[in-house]
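K.L.:
The structure follows.
The values are calculated or read from the model by the stated rules, or taken from the named source; none is laboratory data. Quantities reported herein were computed from a predicted structural model and do not represent experimental measurements. For neighbour counting, all protein chains shown are included, and Cβ atoms are generated from backbone atoms with ideal geometry for every residue, glycine included.
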Ligand code: ARG
(Lines give C-alpha, C1' and ligand atoms only; values in the text may rest on other atoms or scores of the structure.)
Protein backbone atom coordinates (compact mmCIF):
# COMPACT_ATOMS: atom_id res chain seq x y z
CA UNK A 1 0.00 0.00 0.00
CA UNK A 2 2.85 2.40 0.73
CA UNK A 3 4.57 1.43 -2.50
CA UNK A 4 8.27 1.18 -3.04
CA UNK A 5 9.06 3.70 -0.38
CA UNK A 6 8.80 1.24 2.47
CA UNK A 7 10.28 -1.73 0.63
CA UNK A 8 13.61 -0.38 1.88
CA UNK A 9 12.55 -1.02 5.47
CA UNK A 10 12.11 1.55 8.22
CA UNK A 11 15.80 1.84 9.01
CA UNK A 12 16.64 3.50 5.73
CA UNK A 13 13.77 5.97 6.18
CA UNK A 14 15.07 6.68 9.67
CA UNK A 15 18.55 7.29 8.32
CA UNK A 16 17.20 9.72 5.76
CA UNK A 17 14.94 11.72 8.07
CA UNK A 18 17.59 11.87 10.78
CA UNK A 19 20.56 13.00 8.73
CA UNK A 20 21.50 16.64 8.56
CA UNK A 21 24.85 16.24 6.84
CA UNK A 22 23.49 17.30 3.40
CA UNK A 23 23.04 20.81 4.79
CA UNK A 24 25.03 21.09 8.03
CA UNK A 25 28.27 20.24 6.27
CA UNK A 26 28.34 24.00 5.69
CA UNK A 27 29.39 24.23 9.37
CA UNK A 28 32.61 22.24 9.01
CA UNK A 29 34.96 25.17 9.57
CA UNK A 30 33.10 26.24 12.70
CA UNK A 31 32.94 22.65 13.96
CA UNK A 32 36.68 22.16 13.65
CA UNK A 33 37.43 25.57 15.09
CA UNK A 34 35.27 24.88 18.16
CA UNK A 35 36.84 21.45 18.61
CA UNK A 36 40.34 22.94 18.48
CA UNK A 37 39.38 25.40 21.22
CA UNK A 38 37.73 22.66 23.27
CA UNK A 39 40.70 20.29 23.16
CA UNK A 40 43.18 23.08 23.94
CA UNK A 41 41.13 23.90 27.03
CA UNK A 42 40.88 20.19 28.02
CA UNK A 43 44.67 19.94 27.83
CA UNK A 44 45.21 23.14 29.85
CA UNK A 45 42.86 21.80 32.49
CA UNK A 46 44.70 18.45 32.49
CA UNK A 47 41.50 16.67 31.56
CA UNK A 48 43.27 15.32 28.47
CA UNK A 49 47.03 14.55 28.38
CA UNK A 50 49.10 17.04 26.38
CA UNK A 51 50.35 14.29 24.09
CA UNK A 52 46.84 13.13 23.23
CA UNK A 53 45.72 16.71 22.69
CA UNK A 54 48.51 17.24 20.17
CA UNK A 55 47.40 14.17 18.23
CA UNK A 56 43.83 15.45 18.22
CA UNK A 57 44.89 18.92 17.06
CA UNK A 58 47.01 17.48 14.25
CA UNK A 59 44.19 15.19 13.18
CA UNK A 60 41.66 18.05 13.16
CA UNK A 61 44.00 20.19 11.08
CA UNK A 62 44.41 17.35 8.61
CA UNK A 63 40.62 17.01 8.31
CA UNK A 64 40.33 20.74 7.68
CA UNK A 65 42.80 20.39 4.82
CA UNK A 66 40.94 17.40 3.40
CA UNK A 67 37.60 19.20 3.49
CA UNK A 68 39.11 22.35 2.03
CA UNK A 69 40.46 20.56 -0.99
CA UNK A 70 38.08 17.63 -1.45
CA UNK A 71 34.82 18.78 0.14
CA UNK A 72 32.96 17.11 3.00
CA UNK A 73 31.92 13.50 2.34
CA UNK A 74 28.27 12.70 3.00
CA UNK A 75 27.52 9.50 4.86
CA UNK A 76 23.92 9.45 6.06
CA UNK A 77 24.80 6.88 8.71
CA UNK A 78 27.07 9.45 10.32
CA UNK A 79 24.09 11.85 10.61
CA UNK A 80 25.75 15.22 10.94
CA UNK A 81 28.92 17.24 10.59
CA UNK A 82 29.92 16.61 14.20
CA UNK A 83 29.93 12.84 13.74
CA UNK A 84 31.66 13.09 10.38
CA UNK A 85 34.57 14.98 11.90
CA UNK A 86 34.79 12.66 14.88
CA UNK A 87 34.62 9.50 12.76
CA UNK A 88 37.31 10.77 10.43
CA UNK A 89 39.43 11.76 13.41
CA UNK A 90 39.36 8.21 14.77
CA UNK A 91 40.29 6.86 11.35
CA UNK A 92 43.33 9.12 11.39
CA UNK A 93 44.52 8.92 15.01
CA UNK A 94 42.73 5.89 16.43
CA UNK A 95 40.87 5.52 19.74
CA UNK A 96 42.49 8.61 21.28
CA UNK A 97 40.05 10.59 19.09
CA UNK A 98 37.37 9.57 21.58
CA UNK A 99 38.88 11.90 24.19
CA UNK A 100 37.80 14.98 22.23
CA UNK A 101 34.17 14.48 23.20
CA UNK A 102 34.95 14.67 26.94
CA UNK A 103 32.80 17.24 28.75
CA UNK A 104 30.72 18.19 25.75
CA UNK A 105 27.72 16.97 23.78
CA UNK A 106 26.53 17.49 20.24
CA UNK A 107 23.93 19.77 21.80
CA UNK A 108 26.38 22.43 22.95
CA UNK A 109 28.54 21.67 19.94
CA UNK A 110 25.87 22.50 17.39
CA UNK A 111 24.76 25.56 19.36
CA UNK A 112 28.36 26.80 19.30
CA UNK A 113 29.05 26.00 15.63
CA UNK A 114 25.84 27.61 14.47
CA UNK A 115 26.44 30.75 16.53
CA UNK A 116 29.88 31.09 15.00
CA UNK A 117 28.37 30.71 11.53
CA UNK A 118 25.55 33.19 12.10
CA UNK A 119 27.96 35.71 13.62
CA UNK A 120 30.07 35.57 10.48
CA UNK A 121 26.96 35.84 8.33
CA UNK A 122 26.00 39.03 10.17
CA UNK A 123 29.42 40.47 9.51
CA UNK A 124 29.22 39.62 5.83
CA UNK A 125 25.82 41.29 5.52
CA UNK A 126 27.15 44.39 7.27
CA UNK A 127 30.02 44.68 4.77
CA UNK A 128 27.64 44.24 1.85
CA UNK A 129 25.27 46.89 3.23
CA UNK A 130 28.18 49.27 3.67
CA UNK A 131 28.90 48.94 -0.06
CA UNK A 132 25.22 49.51 -0.88
CA UNK A 133 25.16 52.67 1.22
CA UNK A 134 28.27 53.99 -0.48
CA UNK A 135 26.69 53.44 -3.88
CA UNK A 136 23.49 55.21 -2.75
CA UNK A 137 25.37 58.19 -1.33
CA UNK A 138 27.49 58.61 -4.41
CA UNK A 139 24.48 58.60 -6.77
CA UNK A 140 22.57 60.90 -4.39
CA UNK A 141 25.41 63.37 -4.47
CA UNK A 142 25.41 63.33 -8.24
CA UNK A 143 21.64 63.95 -8.28
CA UNK A 144 20.99 66.31 -5.39
CA UNK A 145 19.73 68.89 -7.91
CA UNK A 146 17.85 66.48 -10.17
CA UNK A 147 14.12 67.01 -9.83
CA UNK A 148 11.58 64.22 -9.94
CA UNK A 149 7.95 63.92 -8.95
CA UNK A 150 7.53 62.78 -5.36
CA UNK A 151 4.58 60.44 -4.92
CA UNK A 152 1.90 59.54 -2.45
CA UNK A 153 -0.54 56.81 -3.48
CA UNK A 154 1.73 56.60 -6.55
CA UNK A 155 0.12 59.89 -7.63
CA UNK A 156 2.36 62.88 -8.31
CA UNK A 157 2.37 64.80 -5.04
CA UNK A 158 5.19 67.34 -4.74
CA UNK A 159 8.47 67.63 -6.62
CA UNK A 160 11.50 66.26 -4.79
CA UNK A 161 15.21 65.86 -5.35
CA UNK A 162 16.26 62.48 -6.74
CA UNK A 163 19.20 62.62 -4.35
CA UNK A 164 16.70 62.96 -1.51
CA UNK A 165 14.78 59.93 -2.75
CA UNK A 166 17.96 57.84 -2.88
CA UNK A 167 19.00 59.01 0.58
CA UNK A 168 15.72 57.68 1.94
CA UNK A 169 17.11 54.20 1.20
CA UNK A 170 20.42 55.13 2.81
CA UNK A 171 18.46 55.76 6.02
CA UNK A 172 16.60 52.44 5.81
CA UNK A 173 19.87 50.59 5.30
CA UNK A 174 21.44 52.48 8.20
CA UNK A 175 18.74 51.08 10.48
CA UNK A 176 19.12 47.61 8.95
CA UNK A 177 22.81 47.67 9.80
CA UNK A 178 22.06 48.70 13.34
CA UNK A 179 19.64 45.77 13.68
CA UNK A 180 22.35 43.31 12.61
CA UNK A 181 24.92 44.99 14.87
CA UNK A 182 22.51 44.80 17.77
CA UNK A 183 21.79 41.13 17.17
CA UNK A 184 25.49 40.37 16.87
CA UNK A 185 26.21 41.98 20.22
CA UNK A 186 23.40 40.10 21.92
CA UNK A 187 24.33 36.69 20.53
CA UNK A 188 28.05 36.82 21.24
CA UNK A 189 28.13 34.40 24.17
CA UNK A 190 29.60 30.92 24.12
CA UNK A 191 27.33 27.92 24.77
CA UNK A 192 30.29 25.53 24.70
CA UNK A 193 30.51 23.63 27.98
CA UNK A 194 26.76 23.55 28.57
CA UNK A 195 27.14 19.91 27.46
CA UNK A 196 23.91 17.98 26.83
CA UNK A 197 21.72 20.27 28.95
CA UNK A 198 22.93 20.37 32.55
CA UNK A 199 26.60 21.34 32.38
CA UNK A 200 29.39 18.91 33.28
CA UNK A 201 31.23 17.56 36.30
CA UNK A 202 34.62 18.00 34.61
CA UNK A 203 36.67 21.00 35.69
CA UNK A 204 36.37 22.80 32.36
CA UNK A 205 37.20 26.47 31.79
CA UNK A 206 34.36 28.02 29.84
CA UNK A 207 35.89 31.50 29.91
CA UNK A 208 38.88 30.15 28.06
CA UNK A 209 36.94 28.51 25.23
CA UNK A 210 34.68 31.55 25.01
CA UNK A 211 37.58 33.91 24.51
CA UNK A 212 39.38 31.55 22.11
CA UNK A 213 36.29 31.60 19.91
CA UNK A 214 35.89 35.36 20.05
CA UNK A 215 32.84 35.32 22.34
CA UNK A 216 32.47 38.00 25.01
CA UNK A 217 31.68 35.50 27.75
CA UNK A 218 30.16 32.06 28.34
CA UNK A 219 26.37 31.76 28.45
CA UNK A 220 24.99 31.71 31.99
CA UNK A 221 22.40 28.92 31.83
CA UNK A 222 23.14 25.50 30.37
CA UNK A 223 19.49 24.72 29.53
CA UNK A 224 19.05 27.98 27.68
CA UNK A 225 22.40 27.54 25.93
CA UNK A 226 21.47 24.35 24.13
CA UNK A 227 17.82 25.08 23.49
CA UNK A 228 17.38 28.59 22.19
CA UNK A 229 17.85 29.67 18.63
CA UNK A 230 16.83 33.27 19.12
CA UNK A 231 20.17 34.37 17.68
CA UNK A 232 19.24 32.68 14.39
CA UNK A 233 15.80 34.26 14.53
CA UNK A 234 17.35 37.66 15.22
CA UNK A 235 19.37 37.16 12.07
CA UNK A 236 16.32 36.09 10.06
CA UNK A 237 14.16 38.94 11.36
CA UNK A 238 16.84 41.51 10.58
CA UNK A 239 17.32 39.86 7.17
CA UNK A 240 13.57 40.00 6.55
CA UNK A 241 13.36 43.69 7.40
CA UNK A 242 16.39 44.42 5.24
CA UNK A 243 14.95 42.43 2.33
CA UNK A 244 11.68 44.38 2.63
CA UNK A 245 13.63 47.58 2.11
CA UNK A 246 15.47 46.09 -0.84
CA UNK A 247 12.22 44.89 -2.36
CA UNK A 248 10.73 48.38 -2.22
CA UNK A 249 13.75 49.82 -4.00
CA UNK A 250 13.57 46.94 -6.49
CA UNK A 251 9.88 47.64 -7.10
CA UNK A 252 10.63 51.30 -7.75
CA UNK A 253 13.22 50.24 -10.29
CA UNK A 254 10.67 48.00 -12.00
CA UNK A 255 8.19 50.88 -12.20
CA UNK A 256 10.79 53.48 -13.17
CA UNK A 257 12.18 51.27 -15.93
CA UNK A 258 8.73 50.85 -17.54
CA UNK A 259 8.11 52.85 -20.75
CA UNK A 260 5.29 55.03 -19.34
CA UNK A 261 7.63 56.20 -16.56
CA UNK A 262 10.95 56.10 -18.40
CA UNK A 263 12.81 57.41 -15.33
CA UNK A 264 15.72 54.99 -15.65
CA UNK A 265 17.53 52.82 -18.09
CA UNK A 266 18.80 49.70 -16.40
CA UNK A 267 22.32 48.68 -17.35
CA UNK A 268 22.67 45.73 -19.74
CA UNK A 269 24.40 43.89 -16.93
CA UNK A 270 21.19 43.84 -14.87
CA UNK A 271 18.50 43.35 -17.50
CA UNK A 272 17.49 40.66 -19.94
CA UNK A 273 15.89 40.66 -23.36
CA UNK A 274 12.83 38.79 -24.52
CA UNK A 275 13.13 35.86 -26.89
CA UNK A 276 10.23 37.08 -29.05
CA UNK A 277 9.94 40.83 -28.40
CA UNK A 278 13.14 42.51 -29.54
CA UNK A 279 12.26 45.88 -27.99
CA UNK A 280 12.14 44.48 -24.46
CA UNK A 281 14.66 45.15 -21.71
CA UNK A 282 13.32 43.40 -18.68
CA UNK A 283 14.25 44.31 -15.10
CA UNK A 284 14.66 40.65 -14.07
CA UNK A 285 17.25 41.28 -11.38
CA UNK A 286 15.02 43.85 -9.68
CA UNK A 287 12.02 41.55 -9.95
CA UNK A 288 13.99 38.73 -8.35
CA UNK A 289 15.11 40.94 -5.48
CA UNK A 290 11.43 41.76 -4.99
CA UNK A 291 10.61 38.05 -5.14
CA UNK A 292 13.45 36.90 -2.90
CA UNK A 293 12.18 39.05 -0.05
CA UNK A 294 9.14 36.78 0.05
CA UNK A 295 11.34 33.72 0.39
CA UNK A 296 13.45 35.37 3.10
CA UNK A 297 10.32 36.24 5.08
CA UNK A 298 9.20 32.63 4.51
CA UNK A 299 12.47 31.33 5.95
CA UNK A 300 12.00 33.52 9.00
CA UNK A 301 8.50 32.15 9.43
CA UNK A 302 9.75 28.58 9.06
CA UNK A 303 12.09 28.90 12.04
CA UNK A 304 9.46 30.75 14.08
CA UNK A 305 7.12 27.79 13.51
CA UNK A 306 9.85 25.27 14.35
CA UNK A 307 10.67 26.89 17.68
CA UNK A 308 7.13 27.61 18.79
CA UNK A 309 6.14 25.59 21.84
CA UNK A 310 9.29 23.43 22.09
CA UNK A 311 9.85 22.33 25.68
CA UNK A 312 13.34 22.78 27.18
CA UNK A 313 15.95 21.71 26.45
CA UNK A 314 17.11 20.31 23.07
CA UNK A 315 14.65 18.61 20.70
CA UNK A 316 15.51 17.24 17.31
CA UNK A 317 13.10 19.66 15.64
CA UNK A 318 15.85 22.19 16.18
CA UNK A 319 18.01 20.49 13.59
CA UNK A 320 15.67 22.19 11.11
CA UNK A 321 17.04 25.57 12.18
CA UNK A 322 19.80 25.58 9.60
CA UNK A 323 18.23 25.31 6.10
CA UNK A 324 16.12 28.48 6.45
CA UNK A 325 19.08 30.48 7.75
CA UNK A 326 21.38 29.23 4.99
CA UNK A 327 18.76 29.90 2.34
CA UNK A 328 17.92 33.37 3.59
CA UNK A 329 21.59 34.27 3.83
CA UNK A 330 22.30 33.26 0.23
CA UNK A 331 19.24 35.12 -1.04
CA UNK A 332 19.98 38.24 0.98
CA UNK A 333 23.62 38.33 -0.13
CA UNK A 334 22.58 38.11 -3.77
CA UNK A 335 19.85 40.71 -3.34
CA UNK A 336 22.16 43.25 -1.72
CA UNK A 337 24.82 42.70 -4.37
CA UNK A 338 22.29 43.04 -7.19
CA UNK A 339 20.82 46.27 -5.81
CA UNK A 340 24.31 47.68 -5.22
CA UNK A 341 25.25 46.93 -8.81
CA UNK A 342 22.02 48.40 -10.17
CA UNK A 343 22.33 51.57 -8.09
CA UNK A 344 25.92 52.05 -9.18
CA UNK A 345 25.23 51.56 -12.88
CA UNK A 346 21.66 52.71 -13.53
CA UNK A 347 21.17 55.65 -15.87
CA UNK A 348 18.73 58.23 -14.51
CA UNK A 349 16.78 60.30 -17.00
CA UNK A 350 16.72 63.72 -15.34
CA UNK A 351 14.81 65.26 -18.25
CA UNK A 352 12.01 62.75 -18.11
CA UNK A 353 11.71 63.07 -14.35
CA UNK A 354 11.58 66.84 -14.56
CA UNK A 355 8.97 66.76 -17.34
CA UNK A 356 6.69 64.55 -15.25
CA UNK A 357 7.30 66.65 -12.14
CA UNK A 358 6.17 69.69 -14.08
CA UNK A 359 3.12 68.03 -15.60
CA UNK A 360 1.33 66.78 -12.50
CA UNK A 361 0.31 70.15 -10.90
CA UNK A 362 2.92 69.14 -8.36
CA UNK A 363 3.39 72.73 -7.18
CA UNK A 364 -0.25 73.09 -6.18
CA UNK A 365 0.72 72.92 -2.49
CA UNK A 366 3.30 75.66 -3.05
CA UNK A 367 0.56 77.83 -4.54
CA UNK A 368 -1.75 77.17 -1.60
CA UNK A 369 1.08 77.95 0.85
CA UNK A 370 1.74 81.20 -1.04
CA UNK A 371 -1.90 82.21 -0.66
CA UNK A 372 -1.62 81.66 3.08
CA UNK A 373 1.73 83.40 3.45
CA UNK A 374 1.40 86.31 1.05
CA UNK A 375 -2.33 86.82 0.47
CA UNK A 376 -3.16 85.93 4.11
CA UNK A 377 -5.91 83.44 3.27
CA UNK A 378 -6.79 80.79 5.87
CA UNK A 379 -5.35 77.43 4.68
CA UNK A 380 -8.78 75.86 4.07
CA UNK A 381 -9.79 78.72 1.81
CA UNK A 382 -6.43 78.60 0.04
CA UNK A 383 -6.99 74.88 -0.58
CA UNK A 384 -10.34 75.71 -2.20
CA UNK A 385 -8.90 78.45 -4.42
CA UNK A 386 -6.09 76.12 -5.45
CA UNK A 387 -8.64 73.50 -6.45
CA UNK A 388 -10.28 76.02 -8.77
CA UNK A 389 -6.91 76.94 -10.33
CA UNK A 390 -6.00 73.28 -10.90
CA UNK A 391 -9.38 72.64 -12.60
CA UNK A 392 -8.82 75.59 -14.89
CA UNK A 393 -5.31 74.43 -15.84
CA UNK A 394 -6.65 70.94 -16.44
CA UNK A 395 -9.38 72.35 -18.68
CA UNK A 396 -6.81 74.42 -20.61
CA UNK A 397 -4.43 71.49 -20.81
CA UNK A 398 -1.54 73.46 -19.35
CA UNK A 399 0.59 73.68 -16.22
CA UNK A 400 0.02 76.05 -13.29
CA UNK A 401 2.88 78.30 -14.41
CA UNK A 402 1.29 78.65 -17.88
CA UNK A 403 -1.93 80.33 -16.70
CA UNK A 404 -1.98 84.13 -17.05
CA UNK A 405 -2.15 86.55 -14.13
CA UNK A 406 -5.61 87.61 -15.41
CA UNK A 407 -6.82 84.03 -15.20
CA UNK A 408 -5.48 83.80 -11.63
CA UNK A 409 -7.08 87.08 -10.62
CA UNK A 410 -10.41 86.03 -12.10
CA UNK A 411 -10.40 83.19 -9.59
CA UNK A 412 -9.19 85.31 -6.65
CA UNK A 413 -8.37 89.00 -6.89
CA UNK A 414 -5.89 88.83 -4.00
CA UNK A 415 -3.37 87.00 -6.24
CA UNK A 416 -0.56 89.13 -7.72
CA UNK A 417 2.41 88.54 -10.06
CA UNK A 418 4.72 87.34 -7.24
CA UNK A 419 2.85 84.05 -7.41
CA UNK A 420 4.93 83.00 -10.43
CA UNK A 421 8.01 82.79 -8.16
CA UNK A 422 6.64 79.71 -6.43
CA UNK A 423 5.06 77.84 -9.33
CA UNK A 424 8.26 76.32 -10.75
CA UNK A 425 9.39 72.90 -9.56
CA UNK A 426 12.86 74.30 -8.76
CA UNK A 427 11.42 76.96 -6.47
CA UNK A 428 9.20 74.37 -4.84
CA UNK A 429 12.05 71.97 -4.09
CA UNK A 430 14.42 74.71 -2.95
CA UNK A 431 11.80 76.06 -0.54
CA UNK A 432 11.50 72.79 1.41
CA UNK A 433 14.54 73.50 3.53
CA UNK A 434 13.29 72.29 6.89
CA UNK A 435 15.61 69.75 8.58
CA UNK A 436 15.38 66.51 6.61
CA UNK A 437 13.49 68.23 3.79
CA UNK A 438 14.11 67.88 0.07
CA UNK A 439 15.82 71.23 -0.65
CA UNK A 440 19.11 70.33 -2.37
CA UNK A 441 21.07 72.18 0.31
CA UNK A 442 19.41 70.09 3.00
CA UNK A 443 20.05 66.94 0.98
CA UNK A 444 23.73 67.87 0.81
CA UNK A 445 23.81 68.29 4.59
CA UNK A 446 22.58 64.71 4.98
CA UNK A 447 24.97 63.43 2.35
CA UNK A 448 27.92 65.03 4.13
CA UNK A 449 26.82 63.38 7.37
CA UNK A 450 26.46 60.04 5.64
CA UNK A 451 29.89 60.32 4.06
CA UNK A 452 31.36 60.96 7.47
CA UNK A 453 29.56 57.96 8.96
CA UNK A 454 30.81 55.77 6.12
CA UNK A 455 34.38 56.99 6.57
CA UNK A 456 34.47 58.77 3.21
CA UNK A 457 36.22 62.11 2.72
CA UNK A 458 34.10 65.22 2.53
N1 LIG B 1 22.52 17.41 14.10
C2 LIG B 1 22.01 17.86 15.34
C3 LIG B 1 21.36 19.25 15.17
O4 LIG B 1 21.63 19.88 14.21
C5 LIG B 1 23.07 17.93 16.37
C6 LIG B 1 22.58 17.77 17.76
C7 LIG B 1 22.13 16.36 17.99
N8 LIG B 1 21.87 16.11 19.36
C9 LIG B 1 21.16 15.07 19.74
N10 LIG B 1 20.93 14.92 21.00
N11 LIG B 1 20.60 14.25 18.90
O12 LIG B 1 20.58 19.70 15.98
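K.L.:
Return the total of residues in segment 190-207 being surrounded by fewer than 19 Cβ atoms within 10 Å (Cβ to Cβ) and either more than 16 Å from the ligand (Cβ to nearest atom) or at pLDDT below 95 (or both). If you could, list the steps in order and put the result at the bottom.
P.N.:
Of segment 190-207, the ones surrounded by fewer than 19 Cβ atoms within 10 Å (Cβ to Cβ) are 196-203, 205, 207.
If we keep only those that are either more than 16 Å from the ligand (Cβ to nearest atom) or at pLDDT below 95 (or both) too, we end up with 201-203, 205, 207.
So the count comes out to 5.
K.L.:
Could I ask something else about it? Spot the failing condition for residue 17; the list is (1) farther than 21 Å from residue 213 by Cβ; (2) within 13 Å of the ligand (Cβ to nearest atom); (3) in contact with a helix residue (DSSP H, G or I) (Cβ under 9 Å, 6 or more places away or on another chain), and only one is missed.
P.N.:
In the conditions (1) farther than 21 Å from residue 213 by Cβ; (2) within 13 Å of the ligand (Cβ to nearest atom); (3) in contact with a helix residue (DSSP H, G or I) (Cβ under 9 Å, 6 or more places away or on another chain), residue 17 misses (3) alone.
A quick yes/no check of all residues on (1) assigned to a helix (DSSP H, G or I); (2) in contact (Cβ under 8 Å) with a residue 12 or more places away in the chain; (3) within 14 Å of the ligand (Cβ to nearest atom):
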position	(1), (2), (3)
85	yes, yes, yes
91	yes, no, no
100	yes, yes, no
108	yes, yes, yes
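K.L.:
Let me confirm something: among 113, 126, 130, which residue is within 16 Å of the ligand (Cβ to nearest atom) and assigned to a helix (DSSP H, G or I)?
P.N.:
113
K.L.:
Scan segment 175-189 and tell me whether some residue there is closer than 27 Å to residue 107 by Cβ, in contact with a strand residue (DSSP E or B) (Cβ under 8 Å, 6 or more places away or on another chain) and at pLDDT 95 or above. Working first, answer last.
P.N.:
Keep residues of segment 175-189 that are closer than 27 Å to residue 107 by Cβ, which gives 180, 182-189.
This time we only want the ones that are in contact with a strand residue (DSSP E or B) (Cβ under 8 Å, 6 or more places away or on another chain), so: 189.
In the following step, the residues that additionally are at pLDDT 95 or above were identified as 189.
So far as segment 175-189 goes, yes, one or more of its residues are closer than 27 Å to residue 107 by Cβ, in contact with a strand residue (DSSP E or B) (Cβ under 8 Å, 6 or more places away or on another chain) and at pLDDT 95 or above.
K.L.:
Please work out which one of (1) under 18 Å from residue 235 (Cα atoms); (2) in a helix (DSSP H, G or I) is the condition residue 211 fails and give its number.
P.N.:
Answer for residue 211: the failing condition is (1).
K.L.:
Here's a follow-up. When you look at residue 30, is it crowded, with 16+ Cβ neighbours inside 10 Å and modelled with pLDDT of 95 or more, yes or no?
P.N.:
yes
K.L.:
Taking residue 217 and the conditions (1) in contact (Cβ under 8 Å) with a residue 40 or more places away in the chain; (2) farther than 30 Å from residue 358 by Cα, which numbered condition does it fall short on, given that it satisfies the others?
P.N.:
Among (1) in contact (Cβ under 8 Å) with a residue 40 or more places away in the chain; (2) farther than 30 Å from residue 358 by Cα, residue 217 violates only (1).
K.L.:
Moving on to the next point. Tally time: how many residues in segment 142-151 are closer than 9 Å to residue 166 by Cβ and assigned to a helix (DSSP H, G or I)?
P.N.:
Here the count works out to 0.
K.L.:
Next question. Scanning for something surrounded by fewer than 23 Cβ atoms within 10 Å (Cβ to Cβ), in a helix (DSSP H, G or I) and free of Cβ contacts under 8 Å to residues at least 12 places away in the same chain, does segment 231-244 turn up at least one residue?
P.N.:
No, every residue in segment 231-244 fails to be surrounded by fewer than 23 Cβ atoms within 10 Å (Cβ to Cβ), in a helix (DSSP H, G or I) and free of Cβ contacts under 8 Å to residues at least 12 places away in the same chain.
K.L.:
Let me ask another. Among the helices (runs of 4 or more DSSP H) confined wholly to segment 300-413, which include 2 or more residues that are within 16 Å of the ligand (Cβ to nearest atom) and under 29 Å from residue 173 (Cα atoms)?
P.N.:
Per the criteria, 322-345.
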